[in-house]
Amino acid sequence: MAVSAWGRRLSRHSRGAETNVHELSIAMSIVDMAQEEAFQRNVKVTAVHLRLGLLSGVVKDSLLSCYDMACAGTPLEGSELLIEEVPVEIFCSECQGSRPLSSMQWFACPQCGRPSAEVVRGKELEVTALEVRE
């Protein structure tokens with residue numbers, strides 16, 4: 001069982017809540033950024049496009065849920081968060097190329113088997129586009 005910074009045991013339920021706080025913070029930042037852009041351009045945001053790497057440390061379903069909460073009572077209420085999941089790719093020094101990982105448990109080239117810690121893709125957390133209407 002995990003222990004908090006104050007020495008208290010954390011139950012499974014409280015660990016999930018901590019994860020949601022992380023995603024809620026990210027969702028609020030996305031909403032703030034989109035609101036600022038919408039205000040500057042005098043438009044209404046209908047959708048936010050996001051690239052999310054599998055190694056980003058963000059849980060997709062939690063982020064989607066938190067996005068709705070973060071939008072409540074803002075001009076983005078009713079907008080969609082459209083997430084493109086980015087698979088993990090590593091660079092193989094033996095093959096001299098980028099290769100998609102075949103397993104998240106084993107960071108090795110799927111062609112030659114050489115271990116690699118050089119991640120080329122998969123850590124992304126970036127807003128790529130806003131769909132708007134005037």
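The values are calculated or read from the model by the stated rules, or taken from the named source; none is laboratory data. Since the structure is predicted, the reported quantities are computational estimates derived from the model, not experimental observations. Because the Cβ atoms are built from the backbone with ideal geometry, glycine has one as well, and the counts that use them run over all protein chains shown.
Residue by residue, here is whether (1) among the acidic types (Asp, Glu); (2) in a strand (DSSP E or B); (3) within 26 Å of GLY122 (Cβ to Cβ) holds:
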| site | (1), (2), (3) |
| --- | --- |
| MET28 | no, no, yes |
| ASP32 | yes, no, yes |
| LEU55 | no, no, yes |
| VAL58 | no, no, yes |
| THR74 | no, no, no |
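Across the range 38-90, the number of residues qualifying as farther than 20 Å from HIS22 by Cα and touching a Cys at 6+ places or on another chain (Cβ under 9 Å) comes to 4. In the range 42-50 there is no residue that is part of a helix (DSSP H, G or I) and on the phi < 0 side of the Ramachandran plot.
Let's see how each residue does on (1) under 12 Å from the mean Cα position of the chain (by Cα); (2) at pLDDT below 95:
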position	(1), (2)
MET1	no, yes
ALA5	no, yes
ARG12	no, yes
ILE26	yes, no
ILE30	yes, no
GLU36	no, no
LYS44	no, no
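For (1) in contact (Cβ under 8 Å) with a residue 40 or more places away in the chain; (2) out of contact with any Gly (no Cβ under 9 Å at 6 or more places or on another chain); (3) surrounded by 17 or more Cβ atoms within 10 Å (Cβ to Cβ), each residue gets a yes or a no:
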{"residue": "VAL48", "(1), (2), (3)": "yes, yes, yes"}
{"residue": "VAL58", "(1), (2), (3)": "yes, yes, yes"}
{"residue": "LEU64", "(1), (2), (3)": "no, yes, no"}
{"residue": "MET69", "(1), (2), (3)": "yes, yes, no"}
{"residue": "THR74", "(1), (2), (3)": "yes, yes, no"}
{"residue": "GLU84", "(1), (2), (3)": "yes, yes, no"}
{"residue": "GLY97", "(1), (2), (3)": "no, yes, no"}
{"residue": "SER102", "(1), (2), (3)": "no, yes, no"}
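Please find, within the range 89-134, the residue that is modelled with the lowest pLDDT out of those that are closer than 27 Å to ALA34 by Cα and part of a loop (DSSP other than H, G, I, E, B). Here the residue is GLU134. Could we say that LEU52 is more than 19 Å from ARG133 (Cα to Cα), modelled with pLDDT of 95 or more and among the hydrophobic types (A, V, I, L, M, F, W, C) here? In short, yes.
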